[in-house]
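In what follows, a structure is listed as C-alpha cells, so that the remarks can point back to it.
The values are calculated or read from the model by the stated rules, or taken from the named source; none is laboratory data. The model shown is predicted, which means the values in this text are computed figures rather than measured ones. Note that each Cβ is placed from the backbone with ideal geometry, even for glycine, and that neighbours are counted across all protein chains shown.
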Amino acid sequence: MLYIPRVRRSIVVLFALSLVAGFSPAAVAEPLAPSDMTAAVAVYDRQRDRFTVERDADKPFRSASVVKLLIALDHLYQHDPELVLEKAKTDAARSDILYLRAMLRGSWDYAASVFWVRGGYADILRRMVERIGLTGTSPPEKPGMWGYTSITPNDVVRVYNHILDEAPAKYRDFIMTNIHMWEKCGEDAWDQSFGIPRAFGKPWSAKQGWSAWGATPPAGQDCSLGSARMAAGPPVPAAKEDVVDLSSPLLHTTGTVGEGDRSVVVVFSTFPKGTTWKEGSDRITKYTRSLFPWVPGARPGRG
C-alpha cells in the first residue's frame, strides 16, 4: 500500500478538494502551529495582490538576521553603488559587493555589523520605515544590537513587495539574485536549511533568521560544505548578542516561492528553552510545509 506522510496526505486531500467546484484553500482554516512552538505567519499572493494566510501577522518579534534585508536595501539607496563586481573600480567597492553577497547568501554577521554602523545604526530603520511604509518595525533598545530590531511578519511582506515591485531594478535584481543563491551553511556554521528551503520545491528564495542558539553549533554539529569562510578580523560589537540578554530560541524563515516570485512566505517562530537546533529546525520546517495549499505557485519539497 502506498504510504503518504501525514502532512502530504493533507496536501493531497486539499488538492483533490480543489477540483471540486467552489472549494478553495481559503475556505479551510490553515493549520495551527504545534504546542511546542510559537509561530506567526503571513503568506501573500503577489499575482492576486492578497494575503492567503495572516496568523498573528502583526505580532512583533526580534528580527534576528531578517533585518539584513533592510540593511542591504538601505545601503543601496544611500550609496547607489556599482553592483557588478567586474565593473567596480576600487578595492573598497569590490569589498562592499562581496560583503553584501555574503550577508544575503550566508547571513554573515560581520558584514551586517559593518553596514549597520556605516548606515547610522537605527537611522537605517527610520529611513526604511518611512520609505516602505512599515507599521510594525522599531529599532533595538541597544543601538548596536541590530538582531534585536522589532519587526512583524506583515512588515517583512511589505519589504519583499517593495524590493520586487518598487525598488530600482538593479537593487531588486541584486538582492533577489543573492537570496535565490542562498547557501545551506551560514557563515557562523549553523545549517540554514530549515523552513522554506526544505518545505518547498524550487524555485524559491530565502532569507533566514536565528537567535539564542549559541554563537556556534555544538561540536560535531556544524554545517560545512568545505568552502572557505571570509575572514576580515573579529566582529564589531553589533555582530553578536549579549549572552545575558538572550531569550527564547528563535528561527525565522522568509522568502519567495514559485515562478516569478509568485508568493511571499514569512514564518516567525520561537521555542522553549532547551529545544535543540534539530528539533526547532524540524518543527518550523514541518509547519511551513503544512502551509503548502495556501502558497500559490508552490511545488512540494523533498526535504
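Going through (1) within 18 Å of the chain's Cα centre (by Cα); (2) on the phi > 0 side of the Ramachandran plot one by one, Ile71 falls short only on (2).
Can we say Arg158 is within 25 Å of Arg46 (Cβ to Cβ), within 15 Å of the chain's Cα centre (by Cα), surrounded by 17 or more Cβ atoms within 10 Å (Cβ to Cβ) and free of Cβ contacts under 8 Å to residues at least 60 places away in the same chain? So Arg158 passes the test. Kindly indicate whether Gly120 is out of contact with any helix residue (DSSP H, G or I) (no Cβ under 7 Å at 6 or more places or on another chain), among the small types (Gly, Ala, Ser) and over 30 Å from Asp56 (Cα atoms). Yes: the conditions hold for Gly120.
Looking at region 112-125, which of its residues are farther than 12 Å from Ala72 by Cα and assigned to a loop (DSSP other than H, G, I, E, B)? Once the filter is applied, which keeps residues that are farther than 12 Å from Ala72 by Cα and assigned to a loop (DSSP other than H, G, I, E, B), region 112-125 yields Gly120, Tyr121, Ala122. Taken over region 62-109, the criterion of being in contact with a Gly (Cβ under 9 Å, 6 or more places away or on another chain) and either among the hydroxyl-bearing types (Ser, Thr, Tyr) or more than 19 Å from Asp123 (Cα to Cα) (or both) is satisfied by Ser63, Ser65, Gly106, Ser107, Trp108.
Scanning region 88-101 for residues that are of a type in the set (Lys, Arg) and in a loop (DSSP other than H, G, I, E, B) returns a single hit, Lys89.
Of the numbered criteria (1) crowded, with 19+ Cβ neighbours inside 10 Å; (2) part of a helix (DSSP H, G or I), the one Pro140 fails is (2).
When region 80-117 is limited to residues that are exposed (fewer than 14 other Cβ atoms within 10 Å of the Cβ) and acidic (Asp, Glu), the one that is nearest to Phe61 (Cα to Cα) turns out to be Asp80.
Each row is one residue, and each column tells you yes or no for (1) without any contact (Cβ under 8 Å) to a residue 24 or more places away in the chain; (2) under 23 Å from Thr152 (Cα atoms); (3) not in a helix (DSSP H, G or I).
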residue: Tyr77; (1), (2), (3): no, yes, no
residue: Glu82; (1), (2), (3): yes, no, yes
residue: Met103; (1), (2), (3): no, yes, no
residue: Tyr110; (1), (2), (3): no, no, no
residue: Arg127; (1), (2), (3): no, yes, no
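Count of region 34-65 residues, restricted to those that are on the phi > 0 side of the Ramachandran plot and either surrounded by 16 or more Cβ atoms within 10 Å (Cβ to Cβ) or in a strand (DSSP E or B) (or both), is 2. Taking the criterion of being small (Gly, Ala, Ser) and either under 13 Å from the mean Cα position of the chain (by Cα) or closer than 17 Å to Val41 by Cβ (or both), the residues of region 180-211 that qualify are Gly186, Ser193, Gly195, Ala199, Ser205, Ala206, Gly209, Ser211.
Does region 28-43 include one or more residues that are touching a Ser or Thr at 6+ places or on another chain (Cβ under 9 Å), among the charged types (D, E, K, R) and at pLDDT below 80? Yes, the conditions are met somewhere in region 28-43.
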